[in-house]
Amino acid sequence: MEVTARAPGKIILAGEHAVVHGYTAVASSIDLYTVFSIRLRSEDDDIVKLKLNDIGLDFSWSVRRIKEVLSHLGSPFSSTPTSCSLETIKSLATLVDEQSFPETKIGLASGVYAFLWLYTSILGFKPATVTVSSELPVGAGLGSSAAYCVSLSAALLALSDSVKLDVSQKGWSTFNESEAELVNKWAFEGEKIIHGKPSGVDNSVSTFGNVIKFKSGVMTRVNSNMPLRMLITNTKVGRDTKALVANVSARKSRHPDAMCSVLNAIEAISDEWSTIIQSHAVDDLYLSANEEKLGELMEMNQGLLLSIGVSHASIENVLQTSMKYKLASKLTGAGGGGCVLTLLPTRILFTVLLNLFIYAPANSFITYD
């Protein structure tokens, strides 16, 4: 049997970094996906193979070797998401170190750790060929790791006893609410392996799609009534999300009162964002006024993110360019490079080379063949 699952990337409209410290963020899924396919092999094959198509890397382990190194895991526990212990991380590192991992791509090793942990925790020690491909750039602030963990968790759970799906059905299916929540919880455990202390907003919006508010682990769906158009510009400057988050935490420890004021201001921006996009535009004038407010909020949000040290020269270059056209922009995600959002008001007619032009509701899907 083969199962294919997909999950979308995301943009943070307001509240990045603040959300890590328990403040509100607003995020939206985007119409770019990561896709996992899992084909179970004969028990006699004794191989788990992982193919990372987009970066040209293949890994394989014998089931016997995985059992030997991860013997302390015991039986799979797909219905009970559990955190990966430090002891298990060391065991996972042993399995990855046995592979020929290129030095230039060593930063992706944590994603392989997450794969091995989620695979063995949910499915146990079954031989399979696993293939992943993605439309999302890695390390650009568009939630590539969350989409990776969500689509992987969805595919694995579809093959487990923890969800009830019609395996005879062809084409895409969706999880019900409780099943999606199980996917989300497992994906969060994968995100913790990759990022250390993620907020949970990325995996939540990738699992449930559309627009959400997120605060202290609690997700609220947002019914947007505004036709938002966002230009996403990829600076193609790589960065380390874990390091950027740690640097903000360190600054918060050094300047607790000042940082509290900054994070409260960011939360106020997130709350106002949510209120505006849920309001009904009675006419074009009202819509234009709301777009202007959102633009001002984006500029304020960017200024606050600059003050906590997560902007970058490449981001500022994009901001300067968009300002020439009187367009509001801000970084999205961890910053330090990555992607920049630019609000495209309905009143503006323009000619511009689009890197990405996205606003689409999405969700996690699976298909069988």
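The values are calculated or read from the model by the stated rules, or taken from the named source; none is laboratory data. Note that this is a predicted model, so its numbers are computed, not measured. Cβ: placed from backbone, ideal geometry, glycine included. Neighbour counts: every protein chain shown. These area figures cover heavy atoms from the full protein model, side chains too; ligands, DNA and RNA do not enter into them. Shrake-Rupley method; radii C 1.70, N 1.55, O 1.52, S 1.80 Å.
Taking into account only those residues within the range 136-153 that are in a helix (DSSP H, G or I) and open to solvent by less than 10 Å² (accessible area, probe 1.4 Å), which is farthest from residue 3 (Cα to Cα)? Walk me through how you get there before you give the answer.
The first filter runs over the range 136-153 and keeps only residues in a helix (DSSP H, G or I), leaving 144-153.
Add one more test, that the residue is open to solvent by less than 10 Å² (accessible area, probe 1.4 Å), and what stays is 146-147, 149-153.
On the way: 146: 19, 147: 16, 149: 15, 150: 14, 151: 11, 152: 10, 153: 12 Å.
If we take residues in the range 136-153 being in a helix (DSSP H, G or I) and open to solvent by less than 10 Å² (accessible area, probe 1.4 Å), then 146 is farthest from residue 3 (Cα to Cα).
I need the full set of residues from the range 277-287 which are without any contact (Cβ under 8 Å) to a residue 24 or more places away in the chain and assigned to a helix (DSSP H, G or I), in order please.
Keep residues of the range 277-287 that are without any contact (Cβ under 8 Å) to a residue 24 or more places away in the chain, which gives 282-283, 285-286.
Residues satisfying the conditions are 285, 286.
For residues that are of a type in the set (Phe, Trp, Tyr) and in a strand (DSSP E or B), scanning just the range 14-48, find the one that is surrounded by the most Cβ atoms within 10 Å (Cβ to Cβ). Explain how you work it out, then say what you get.
If we filter the range 14-48 for residues that are of a type in the set (Phe, Trp, Tyr), which is where we start, we get 23, 33, 36.
Still in the list and also in a strand (DSSP E or B): 33, 36.
Working: 33: 21, 36: 26.
In this case the residue turns out to be 36.
Being of a type in the set (A, V, I, L, M), over 29 Å from residue 11 (Cβ atoms) and either crowded, with 24+ Cβ neighbours inside 10 Å or assigned by the TED database to the domain that holds residue 70 (or both) is the requirement here; does residue 123 meet it?
On the way: of a type in the set (A, V, I, L, M): yes; over 29 Å from residue 11 (Cβ atoms): yes; either crowded, with 24+ Cβ neighbours inside 10 Å or assigned by the TED database to the domain that holds residue 70 (or both): yes.
Yes.
For the range 103-135, enumerate the residues that are under 13 Å from residue 52 (Cα atoms) and not in a helix (DSSP H, G or I). Working first, answer last.
Step one: list which residues in the range 103-135 are under 13 Å from residue 52 (Cα atoms), which gives 105, 108-109, 111-112, 115, 129-135.
129, 130, 131, 132, 133, 134, 135 - these are the residues of the range 103-135 that are under 13 Å from residue 52 (Cα atoms) and not in a helix (DSSP H, G or I).
Please find, among 185, 215, the residue that is within 20 Å of residue 277 (Cα to Cα) and in the same structural domain as residue 146 (by the TED database).
On the way: 185 fails: within 20 Å of residue 277 (Cα to Cα).
Among 185, 215, only 215 is within 20 Å of residue 277 (Cα to Cα) and in the same structural domain as residue 146 (by the TED database).
Of everything in the range 53-72 that's of a type in the set (Ser, Thr, Tyr) and in a strand (DSSP E or B), which residue is farthest from the chain's Cα centre (by Cα)?
From the range 53-72, those of a type in the set (Ser, Thr, Tyr) are 60, 62, 71; that's our starting set.
Cutting the leftovers down to in a strand (DSSP E or B) gives us 60, 62.
On the way: 60: 26, 62: 30 Å.
Step by step, filter the range 53-72, then rank; the result is 62.
For the range 157-276, list the strands (runs of 3 or more DSSP E) that sit wholly inside it and hold at least 1 residues that are over 28 Å from residue 35 (Cβ atoms); which are they?
Numbers: elements: 171-174, 211-215, 218-222, 230-234.
Per the criteria, 211-215, 218-222.
Let's see how each residue does on (1) hydrophobic (A, V, I, L, M, F, W, C); (2) within 20 Å of residue 150 (Cβ to Cβ); (3) under 13 Å from the mean Cα position of the chain (by Cα):
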position: 184; (1), (2), (3): no, yes, yes
position: 192; (1), (2), (3): no, yes, yes
position: 203; (1), (2), (3): no, yes, yes
position: 216; (1), (2), (3): no, no, no
position: 223; (1), (2), (3): no, no, no
position: 250; (1), (2), (3): yes, no, no
position: 266; (1), (2), (3): yes, no, no
position: 269; (1), (2), (3): yes, no, no
